[in-house]
C-alpha cells in the first residue's frame, strides 16, 4: 500500500477551507459505547467490587476461571521492586534517567507555583494557599500497547505536588503483566497498583468500592470506553483531559536533513491511523526531498501500514510563502507537538502562541520529549492547546484564597460591600458587613 500524502499550497484560493477540512476531527460519540459505559458505571456505583470483579474477569479474560476476589488484582510493592530488578540493565538505567529528568523539571515547576500573601496598610492580609490533592488515580493502558513512560509522566508530577496517595490502575488482558510498567511504578513512587482497566476501573476510582478508595482526580490515556467513562464521571472527580489522536506539526526552513523530518512525521503517524502529521515549509524543492524520504523510509517501518493510513488520510506537506506565514498557520492549527526545525528557531518560537509543546532546533526531535527530556508528554490535542496546557504539578494542586481583614480594614471594606449588597437586594450580606462597622 503506497502512501499518498496530500500536498497543499498556501497561495491556493481554497487553502484555508482545505486545511480546515483536514484538521477537522470530532470524536464520534458511539451510541453503543456510551450505553455500555453508562451501564458499567451504574453497576460499579451500586454494586462496587462485585461489578468490578465481574467486568474485569469478562473483558480482560482473566485465566483459570477468573479471579474470585479483588485481592487478586492488587500488586504489592515487592512485586513492583522485583519487576524493576529483573529488567535488563539498559532498560532499568533508561527508566531511572527519564524519571530523574522528569522529576527535576517538575520540581522546578513547583517552585513557580508557591502561594503568596501580602499585607495592606490597614493590616488586612490577603493571599493564596496552594495545597495538593489528597488522592489521585492514574489510568495506564495495558491492551494493545503498554506505556511505562506514561506512568512516569503521570505519577511523578503528582508526587512532586505532594499527593499522598497515587492509585494506578492498569488492565492485564489474559493475565499478562507488563514488567516495564510495573518497574516504572516502582521508580515513580506509585502508592498502589491494581490490575483492572476499562470503564469499570474509571468508575471504581470515581465512586470508590469496598476495596478501592475514591480519588479526587483521574488522569491518563485510554481507549474509547475509558474516554467516555472519564467524560461521564467528570464533576464527581476531576480529570486531566479527553485526548484525541496524536499530532505533530513541523515548521522547517529547508535546512534539516529530510530523512530526519520524514522520521519525525512517522513518529506520530505510527501511533494511530487517526494521528496527524503535517509539514510547513517555504521551499518546494525541500518538500519534494522530504516526500522522497517518506517513500524511501516507509518500507523499513514495522508499523508501515498504520503510518501509511495516517499520512494518506490526515497528513500533508504544505508549501507556505515564508516562515512568518508558517507561524501564523501553526497558531491556527494549535498542534499538540510543534517542531521548529530551523537555523534560528527562537525567532520563530517568539511568534507562536498556541502549541502543546515546542521543540526548537533540528536536534530536538519530538520523540525525546515523549520519553526523557523532562517536560510532560501529556499534552492538549485537537486544537485545545488554544486554551489548555500540558499536564503538570498544577494539575495535582488546588488554590484557596486567604482573607484576614483587620478591624480598620473592615470599616472601609464593610461600607463598600454593604453598598453593593443592597444594590443586589441581598440585605443579610449588607447587614453582615455593617454589624462590624464602628458606630461612634
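Overview of results
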item	result
Given (1) touching a residue at least 60 places away in the same chain (Cβ under 8 Å); (2) surrounded by fewer than 23 Cβ atoms within 10 Å (Cβ to Cβ); (3) not in a helix (DSSP H, G or I), number of the condition residue 354 does not satisfy	(1)
Verdict on residue 378 being surrounded by 18 or more Cβ atoms within 10 Å (Cβ to Cβ), in contact with a strand residue (DSSP E or B) (Cβ under 9 Å, 6 or more places away or on another chain) and more than 24 Å from residue 331 (Cβ to Cβ)	no
Any hit, the stretch 85-101, residues being assigned by TED's automatic domain parsing to the domain that holds residue 225, over 24 Å from residue 203 (Cα atoms), free of Cβ contacts under 8 Å to residues at least 40 places away in the same chain and surrounded by 13 or more Cβ atoms within 10 Å (Cβ to Cβ)	yes
Residue check, residue 163 part of a loop (DSSP other than H, G, I, E, B) and either in contact with a helix residue (DSSP H, G or I) (Cβ under 6 Å, 6 or more places away or on another chain) or under 30 Å from residue 111 (Cα atoms) (or both)	yes
Which listed residue is outside the structural domain of residue 324 (by TED's automatic domain parsing), buried (at least 18 other Cβ atoms within 10 Å of the Cβ) and touching a strand residue (DSSP E or B) at 6+ places or on another chain (Cβ under 8 Å), from 261, 290, 250, 226	226
Leading residue by the ranking (modelled with the lowest pLDDT) among those in the stretch 202-223 that are surrounded by fewer than 21 Cβ atoms within 10 Å (Cβ to Cβ) and out of contact with any helix residue (DSSP H, G or I) (no Cβ under 7 Å at 6 or more places or on another chain)	223
Number of the condition not met by residue 137 [criteria: (1) exposed (fewer than 15 other Cβ atoms within 10 Å of the Cβ); (2) modelled with pLDDT of 95 or more]	(1)
Condition met for residue 255 (in the same structural domain as residue 354 (by TED's automatic domain parsing) and either at positive phi or surrounded by fewer than 24 Cβ atoms within 10 Å (Cβ to Cβ) (or both))	yes
Residue 50 being surrounded by 14 or more Cβ atoms within 10 Å (Cβ to Cβ), outside any loop (DSSP other than H, G, I, E, B) and free of Cβ contacts under 8 Å to residues at least 40 places away in the same chain	yes
Residues within the stretch 278-299 that are in contact (Cβ under 8 Å) with a residue 40 or more places away in the chain and assigned to a helix (DSSP H, G or I), tallied	5
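The values are calculated or read from the model by the stated rules, or taken from the named source; none is laboratory data. This structure is a prediction, so every number in the text was calculated from the model and none was measured. Reconstructed Cβ throughout: ideal geometry from the backbone, glycine too, with neighbour counts over all protein chains shown.
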